[in-house]
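Structure, as C-alpha cells:
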Amino acid sequence: AKGPEGQYAAYQAGQALYRAGQLEEASNRLRSFVARYSASRLADDALFLVGWIEFQRCNDANAIEEFRKLLGAYPDGDHAVRALYTIADAQYNMGDIDAAITTYQQVINRYPSEPLATEAARSMQLALVGAGRTAEAIAIADDLINANPTSPIAEEFAFKKAEIFYTGQNYTNAASELQAY
C-alpha cells in the first residue's frame with residue numbers, strides 16, 4: 001500500500017523487528033523506510049531508532065553518525081534533543097571526554113527547558129569530575145543554582161556541589177555547602 005497506512009506499516013515492520021531483537025534487519029528496514037518516505041512524519045522516528053540501535057550495540061561511532069544524519073535532516077524534530085544528548089553519551093563512551101562535555105553543553109544551550117538539559121548538566125559534571133576538572137564541575141552547579149534558585153534542581157545541584165567538595169577532601173567547603181543545603 002502506498003498511502004499513509006502503507007507508510008505506517010513499513011515503519012512498524014522495522015520497529016517490530018527491533019522489538020524482536022533482530023537489530024540488523026530492523027536497521028535495514030528502517031533505513032529503507034527513510035530512503036523511500038523521507039517526507040513522512042515517521043522518518044525522524046525511523047532515523048532515531050537506527051541511531052539508537054547502533055548505540056545499544058555499542059557501535060558508538062556509528063551511532064554518532066546516524067544521530068548526526070537525523071539532526072541534519074530534522075533539526076527541529078521530536079528526537080533532536082535526545083539525539084544530541086546520545087551523541088554526547090557515545091562520545092563519552094569512546095573516551096572523547098572533551099567532545100562529550102562540549103556536546104552536553106550544546107544540549108543545555110539549545111534546549112534549556114527540556115528535562116534532558118538537566119540530565120546533560122549532570123552528565124557533564126560527572127565527566128568533568130572524572131577528568132579532574134572539579135572547578136568546572138562546581139561552576140556548572142553554581143550556574144544551575146543561580147538560574148533556578150527555588151527549584152528542586154537547585155537543591156540537587158547544591159547537594160552535588162557539596163559532594164564534589166567532600167570527595168575532593170575539601171571538607172571545609174563541603175561542610176559549608178551541606179549546612180547551606
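The values are calculated or read from the model by the stated rules, or taken from the named source; none is laboratory data. If you're wondering where the values come from, they're calculated on a predicted model, not measured in any experiment. Here the Cβ positions follow ideal geometry from the backbone for every residue, glycine too, while neighbour counts run over all protein chains shown. Please note that ligands, DNA and RNA were not included when accessible areas were found on the heavy atoms of the full protein model with its side chains. Shrake-Rupley method; radii C 1.70, N 1.55, O 1.52, S 1.80 Å.
Things to note:
This table checks each residue for (1) open to solvent by less than 20 Å² (accessible area, probe 1.4 Å); (2) out of contact with any strand residue (DSSP E or B) (no Cβ under 9 Å at 6 or more places or on another chain); (3) at pLDDT below 95.
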{"position": "Glu25", "(1), (2), (3)": "no, yes, no"}
{"position": "Ala39", "(1), (2), (3)": "no, yes, yes"}
{"position": "Leu49", "(1), (2), (3)": "yes, yes, no"}
{"position": "Cys58", "(1), (2), (3)": "no, yes, no"}
{"position": "Leu71", "(1), (2), (3)": "no, yes, no"}
{"position": "Tyr85", "(1), (2), (3)": "yes, yes, no"}
{"position": "Ala90", "(1), (2), (3)": "yes, yes, no"}
{"position": "Asp96", "(1), (2), (3)": "no, yes, no"}
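- Residue within the stretch 114-124 that is open to solvent by 80 Å² or more (accessible area, probe 1.4 Å), hydrophobic (A, V, I, L, M, F, W, C), modelled with pLDDT of 90 or more and assigned to a helix (DSSP H, G or I) present: no
- Residue list for the stretch 125-159, filter: farther than 24 Å from Met94 by Cβ, of a type in the set (Val, Ile, Thr) and assigned to a helix (DSSP H, G or I): Ile138, Ile145, Ile153
- Cβ separations smaller than 9 Å between residues 6+ apart or across chains give the following pairs from the stretch 152-180 residues that are within 14 Å of Ile138 (Cβ to Cβ) and open to solvent by less than 60 Å² (accessible area, probe 1.4 Å) to residues that are modelled with pLDDT of 90 or more and outside any helix (DSSP H, G or I): Ile164/Asn170.
- Scope the stretch 125-138; condition open to solvent by less than 40 Å² (accessible area, probe 1.4 Å) and farther than 16 Å from Ala180 by Cβ; matching residues: Gln125, Ala127, Leu128, Ala137
- For the stretch 60-69, the set of residues classified as open to solvent by 40 Å² or more (accessible area, probe 1.4 Å) and either out of contact with any Asp or Glu (no Cβ under 6 Å at 6 or more places or on another chain) or touching a residue at least 12 places away in the same chain (Cβ under 8 Å) (or both) consists of Ala61, Glu65, Arg68, Lys69, listed by residue number.
- Checked against (1) within 16 Å of the chain's Cα centre (by Cα); (2) open to solvent by less than 60 Å² (accessible area, probe 1.4 Å), Asp76 meets all criteria but (2).
- If the condition is being charged (D, E, K, R) and either open to solvent by less than 40 Å² (accessible area, probe 1.4 Å) or within 21 Å of the chain's Cα centre (by Cα) (or both), then the stretch 139-151 contributes only Asp143.
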